[in-house]
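Nothing in this text is a laboratory measurement; each read-out follows from the coordinates by a stated rule. Because the structure is a prediction, the values reported are computed rather than measured. When we count neighbours, we look across all protein chains shown, and the Cβ atoms used for this are built from the backbone with ideal geometry, even at glycine.
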Amino acid sequence: MPFEEKISAAPPLPQAVNGEKVIIIGAGIAGLACGCYLQMNGIQAEILEASLLPGGLCTAWQRGPYVFDGCLRWLVGLKPPSAFHQVWTELGAIAGRKIFVHDEFLRLEGVGGQTVVVHSDLDKLARELKRIGPEDAGLIDKLIRDARRCASLEPPLENPLELMTPFEKMKTGLRYLPMVPTIFRYKNLPITAYLARYQNKFLREVLQLIVGNENMSALVLVMLLAFRTRDNTGFVAGGSWDFAMAIADRYARLGGTVRYKTRVTSVKVENNRASGVQCAGGTFIPAATVVSCADGHTTIFKMLEGRYVNKKIRYLYDHCQPFPAIIQVSLGIKKKFPDAPHTLNLPLPRPLRVDGETQLNRMEVETFGSESGFCPKGTTVMTVRVQTRHEVWIGLKKNDLVRYRAEKKRVVQEIITILDRRFPGLAEHIERTDIATPATFVRYTGNWQGSYEGWLPTPGILGRPIPYTLPGLKNFYMAGHWVVAGGGLPSAALAGRYAAQMICAQIGKTFAATTP
Ligand SMILES: Cc1cc2nc3c(=O)[nH]c(=O)nc-3n(C[C@H](O)[C@H](O)[C@H](O)COP(=O)(O)OP(=O)(O)OC[C@H]3O[C@@H](n4cnc5c(N)ncnc54)[C@H](O)[C@@H]3O)c2cc1C
């Protein structure tokens, strides 16, 4: 069984497997990572990307002097000895960039004027939570203890579970043993059921807001606090664009190629083996192996017409819930807001109507000053992301462009009015506005239902492995946030690495990862 060896020497010249390349569909973080690791192992990769640029969801756009970041808010793996830090190092993603680890990762304001600071430091956090809910001190202590216990949870890099020998599985199991009881206690518990144990209403609200979605597993709360506590999670200067471009650059330096504006329409299969891909426009590209790092639903049910599914896959796509779609409103403001916290969650005096059925009583705003690299000195970028129903925006864009545009304007205006009340003078200094709807996310990345992070980590899915292969189909793998519940950049990159490890195993190569 192959195991990883770390080498820093120049990689061997990549070769095509059986005279053909590995074709990767999608130049998102998973596709780029998979390409990098294949090239490191001497396997020639070619990525086919539907859009004009690499990065997929990990992207940003320039509006005048402002950069509106469409993704990176917090990244896990900023410091050693984290496994994800090793992955980012191998991919050349963050080296030499300024990182910001905010002890205060969220500030919440209550309707009655209270303020709660959510600290990364668990001692400070415990004190803050007990200040607002002293009657729940016992539960708070237990939550903090459990988060601390899970802080050292790291994914295995030596081999993905699929390639582990029984002995390796046992060794990995032993490593996780101290955390197993905690994981099992929270994993199948819905966050709402867990929070119902707390007596203090505001504290319940605060903990729910830290997690976000009400359908998530309670384990998400524990893991969010655990990830933060090691100073291993934060923001990288230059944001999503620089991050994605650094990995694309690493891939190019390793000899990998990308064909942009190349949309794959189907995966060609001969004798139940993937043998290449058909692209829009009719081009056929042969492949020794195909790795789809594109949207999971499109891959399984369109590119492969649902021919390689079993009960588990059907259950996943029929019953499990993707992350709900969002709208992102970005503002470029010619004014500084020195008192604005990095991330602020505030109550709204009257509900914000996002679409016909979604009304919000709270809103979260992120503030970036010039140190982020997103705007010149003396200016600010503010970003608001709100949940919405994907079908509303996709339907409007398709059937009523005039109303689609009018609705976008209305949402931007309502958000500006809310922010202007909280930060007086904001509205008159706005230089640029921008809005991305679920229709935008679908158009640029093809993610199912406009999901921005794949599968929502609900009790039904969290911790259950999603296969990287499809039943009955050889020489084919999937990677990216549709094969890891909870998604995110680290999971996408790791999935790309795992797919490369599986391909190495398939052709009898010992997997090796290099650093730039
Ligand atoms: C607003 C927002 C905020 C986020 N915040 C964070 C955060 O703070 N931290 C974090 O870790 N993660 C965050 N994420 C999640 C993270 O961005 C994703 O989980 C991750 O980027 C997924 O990468 P991927 O490669 O799996 O998929 P994608 O990024 O979706 O890449 C898939 C690629 O495949 C291409 N493609 C699709 N169909 C085809 C086809 N038929 N032919 C060819 N190419 C195709 C697409 O164009 C795309 O480039 C955020 C995402 C969003 C949108």
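With the helix formula -39500 (n - 2.57) applied to DSSP H stretches of n ≥ 4, the chain reaches a computed 222 nm mean residue ellipticity of -10500 deg cm²/dmol. Here the extension length gained between residue 73 and residue 391 equals 111.9 nm, from 0.36 nm per residue of separation less the Cα-Cα distance.
Each 20 Å bin, from zero up to the one with the longest distance, holds this percent of the alpha carbon pairs of the chain: 22, 57, 21, 0.
Computed about its Cα centre, the charge dipole of the chain is approximately 420 debye, with only Lys, Arg, Asp and Glu carrying charge at their Cβ.
Near residue 106, the amide H atoms lying under 5 Å from its own belong to 118; only residues 5 or more places off or on other chains count, and H is placed 1.01 Å from N. Among the listed pairs 268/474; 21/311; 169/311; 21/509; 268/302; 261/474, those with a Cα-Cα distance over 21 Å are 21/311; 169/311; 261/474. In the stretch 257-411, Cα pairs under 8 Å separated by at least six residues give a relative contact order of 16 percent. Around the amide H of residue 423, modelled in the peptide plane, lies no amide H under 5 Å away from a residue 5 or more places distant or on another chain.
Here the contact order of the chain, divided by its residue count and restricted to Cα pairs under 8 Å and six or more residues apart, works out to 25 percent.
Evaluating 6.51 cos²θ - 1.76 cosθ + 1.60 at θ = phi - 60° for every residue in the stretch 99-109, the Karplus couplings come out as 10, 10, 10, 7, 5, 8, 9, 7, 10, 10, 10 Hz, glycine and proline recorded as x. The lysine pair count for the stretch 326-445, using Cα distances under 30 Å and pairs eight or more places apart or on different chains, is 15. A protection proxy built from the mean count of other Cβ atoms within 10 Å ranks the segments 131-142, 23-34, 404-415, 169-180, most packed first, as 23-34, 404-415, 131-142, 169-180.
Across all directions, the shadow cast by the convex hull of the stretch 177-323 built on its C-alpha atoms averages 14.2 square nanometres.
Stretching the chain fully between residue 443 and residue 99 yields a gain of 120.7 nm (0.36 nm per residue, less the alpha carbon separation).
The alpha-carbon atoms of the stretch 201-281, seen along their principal axes, cover 58, 34, 22 angstrom, with the largest extent given first.
Remark: relative contact order (the stretch 326-445) = 36 percent; criterion is Cα-Cα distance under 8 angstrom and separation of 6 or more residues.
Using a simple spin-label model with pseudo-atoms 7 Å out from Cα toward Cβ, residue 83 and residue 141 lie 3.3 nm apart. Applying the Karplus relation 6.51 cos²θ - 1.76 cosθ + 1.60 with θ = phi - 60° to the stretch 84-96 yields 3J(HN,Hα) values of 5, 5, 4, 4, 5, 5, 4, 8, x, 7, 10, 4, x Hz, where x marks Gly and Pro.
Translational diffusion coefficient of the stretch 120-230 (Stokes-Einstein, Kirkwood radius from Cα pairs, 25 °C, 0.890 mPa s): 163 µm²/s.
For the stretch 262-273, putting each phi into the Karplus relation 6.51 cos²θ - 1.76 cosθ + 1.60 with θ = phi - 60° gives couplings of 10, 8, 7, 9, 8, 9, 7, 10, 10, 6, 6, 10 Hz, in residue order, rounded to whole numbers and with x for Gly and Pro.
Applying the Kirkwood pairwise sum to the alpha-carbon positions of the stretch 336-490 produces a hydrodynamic radius of 18.3 angstrom.
If R0 is 45 Å, the Cβ-Cβ spacing of residue 214 and residue 162 corresponds to a FRET efficiency of close to 0.85. Taking 25 Å as the straight-line reach from the Cα of residue 142, the lysines in range (excluding those fewer than 8 positions away in the same chain) are 124, 130, 187, 201. Residues whose amide H lies under 5 Å from that of residue 326, counting only those 5 or more places away or on a different chain, are 388; hydrogens are built 1.01 Å from N in the peptide plane. Other residues whose C-beta falls under 15 angstrom from the C-beta of residue 350 contribute a net charge of +3, scoring Lys and Arg +1 and Asp and Glu -1.
Rg then Dmax, both in Å and based on the Cα atoms of the stretch 307-413: 18.3, 56. Between helix 137-150 and the chain there is an angle of about 20 degrees, using the helix long axis and the longest principal axis of the Cα atoms. Between residue 124 and residue 170, residue separation times 0.36 nm minus the direct Cα-Cα distance comes to 12.9 nm.
Computed from label points 7 Å out along Cα-Cβ, the spacing between residue 510 and residue 199 is 6.2 nm.
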